[in-house]
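Colleague: Sharing a structure below in structure tokens format, with a few things to ask.
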Amino acid sequence: MRSALLVRIGSVAALVAGSMLLTAPGGQALDSAKTGPEQTRSVSPQATDPVNVYSPIQGTSTWNRFGLSDPSSHHTVFSNWGYQNDWSVDIYQNPGATVVSPFGTKTASGAPVSTKVVTVRAGCATGNLADGGWLIGLEARNDSTGEVIGRADVMHVDNKAGGIEVGASVGPWTPLGTTGRFRYSSCYQVNGDAGAHIHLEVINKTRYSCYIARGAGTNIGDETAVGKAGTQNTGRRQAC
């Protein structure tokens, strides 16, 4: 649970069938994926108190709707702290659904977690929002220890909310923007509203985060944990 006192406030948008998502080439994003051997990240004594990562779409959404973005193999196209992000997934909902921070408000031990915005820019290499919307990067910190736990890059955000700028603090229900459908491009190869999605990437500050494995086309809610940051996994694209 993100918090026992929080109440869901989003409404459920209807799912529309009959569309298809094609996987976009990783190199078309603004940050190219790091090439060459993966460097092992350091292990911090503090990096032992994970926080849940939730669906970034308020209300219901669909995990890996077309079976093309399982975190075990889906491309990561952004990096943080000089490292390629740990894992990624596409989470689907028709245009107009509210997009929020995926980070929980407490660690596994109950320490408070705060989240701030660290990246706001057009996500596609063209720099044109019409090609794929906003990239909004978020950083989660353990407020008890001061430790940076991890980051999440939320891609294909439409209608960016006012006040969502670098340095802003956000809560679990602070609107970042909405889901949207953008023009067909090398960065966003989508036909139809049912293909509208948020591309989510997660990375640990030290060691590696993990995703929670589930079948393609699974419906999830905004209190459904989809992964964890701050875990001690030994490599990229590992299930929790």
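The values are calculated or read from the model by the stated rules, or taken from the named source; none is laboratory data. It should be emphasised that the depicted structure is a prediction, and the values quoted were computed from it without experimental measurement. Ideal geometry is used to build each Cβ from the backbone, glycine not excepted, and the neighbour counts take in all protein chains shown. Calculation scope for accessible area: heavy atoms of the full protein, side chains included, ligands and nucleic acids excluded. Shrake-Rupley method; radii C 1.70, N 1.55, O 1.52, S 1.80 Å.
Colleague: Is the shape of segment 145-240 best called rounded, prolate or oblate, per the rule: a/c under 1.5 gives rounded, else a/b larger than b/c gives prolate, else oblate, with a ≥ b ≥ c the square roots of the Cα gyration tensor eigenvalues?
Modeller: The shape class here is oblate.
Colleague: With every protein chain kept in place and ligands, DNA and RNA left out, what is the accessible area per residue of segment 93-173? Probe 1.4 Å, answer in Å².
Modeller: With all protein chains present, segment 93-173 gives 34 Å² per residue.
Colleague: Could you derive backbone 3J(HN,Hα) for segment 178-184 from the dihedral phi with the Karplus parameters 6.51, -1.76 and 1.60 (θ = phi - 60°), listing whole Hz in sequence and x where the residue is Gly or Pro?
Modeller: 9, 6, x, 10, 10, 5, 5
Colleague: For Ile149, what residues show an amide H to amide H distance below 5 Å, using hydrogens built from the backbone and excluding near sequence neighbours?
Modeller: Amide H neighbours of Ile149: Ala140, Arg141, Asn142.
Colleague: Can you compute the label reach from Trp81? Point 7 Å from Cα along the Cβ direction, backbone N cut-off under 16 Å, restricted to segment 144-167.
Modeller: Zone members listed by number: 145-153.
Colleague: May I pose another question? Starting at the first residue of segment 154-160, write each ³J(HN,Hα) from the Karplus equation 6.51 cos²θ - 1.76 cosθ + 1.60 with θ = phi - 60°, in whole Hz, x for Gly and Pro.
Modeller: 10, 10, 6, 8, 10, 6, 3
Colleague: First compute the accessible area of segment 136-240 with a 1.4 Å probe, then give the percent of it belonging to carbon and sulfur atoms.
Modeller: The value for segment 136-240 is 45 percent carbon and sulfur by accessible area.
Colleague: Determine the equivalent ellipsoid of segment 170-219 by diagonalising the alpha-carbon gyration tensor, then write out the semi-axes as square roots of 5 times the eigenvalues, largest first, rounded to whole Å.
Modeller: Largest first, segment 170-219 gives 24, 17, 14 Å.
Colleague: Further question: Amide H of Ala161: which non-local residues (sequence gap of 5 or more, or other chain) have their own amide H closer than 5 Å, using H built in the peptide plane?
Modeller: Gly177
Colleague: Same structure again: So what's Rg/Rh here for segment 129-171, counting alpha carbon atoms and using the Kirkwood radius for Rh?
Modeller: 1.06
Colleague: How far apart, in nanometres, would the label points at Asn159 and Leu68 be if each is projected 7 angstrom from Cα along the Cα-to-Cβ direction?
Modeller: Placing both labels 7 Å along Cα→Cβ, they lie 2.5 nm apart.
Colleague: Determine, for each peptide in 164-172, 126-134, the mean count of other beta carbons within 10 angstrom over its residues, then list the peptides with the highest first.
Modeller: Going from most to least packed, we get 126-134, 164-172.
Colleague: Further, regarding this structure: With +1 on each Lys and Arg Cβ and -1 on each Asp and Glu Cβ, how big is the dipole of segment 86-240 about its Cα centre, in debye rounded to the nearest 20?
Modeller: 300
Colleague: To continue, here is another question. For the ranges 106-114, 65-73, what's the packing order if you count other beta-carbon atoms within 10 Å of each residue, average per peptide, and put the highest first?
Modeller: Packing proxy ranking, top to bottom: 65-73, 106-114.
Colleague: In terms of modelled amide H atoms, which long-range or inter-chain residues lie less than 5 Å from the amide H of Ser185?
Modeller: Under 5 Å from the amide H of Ser185 lie the amide H atoms of Val190, each far enough along the sequence or on another chain.
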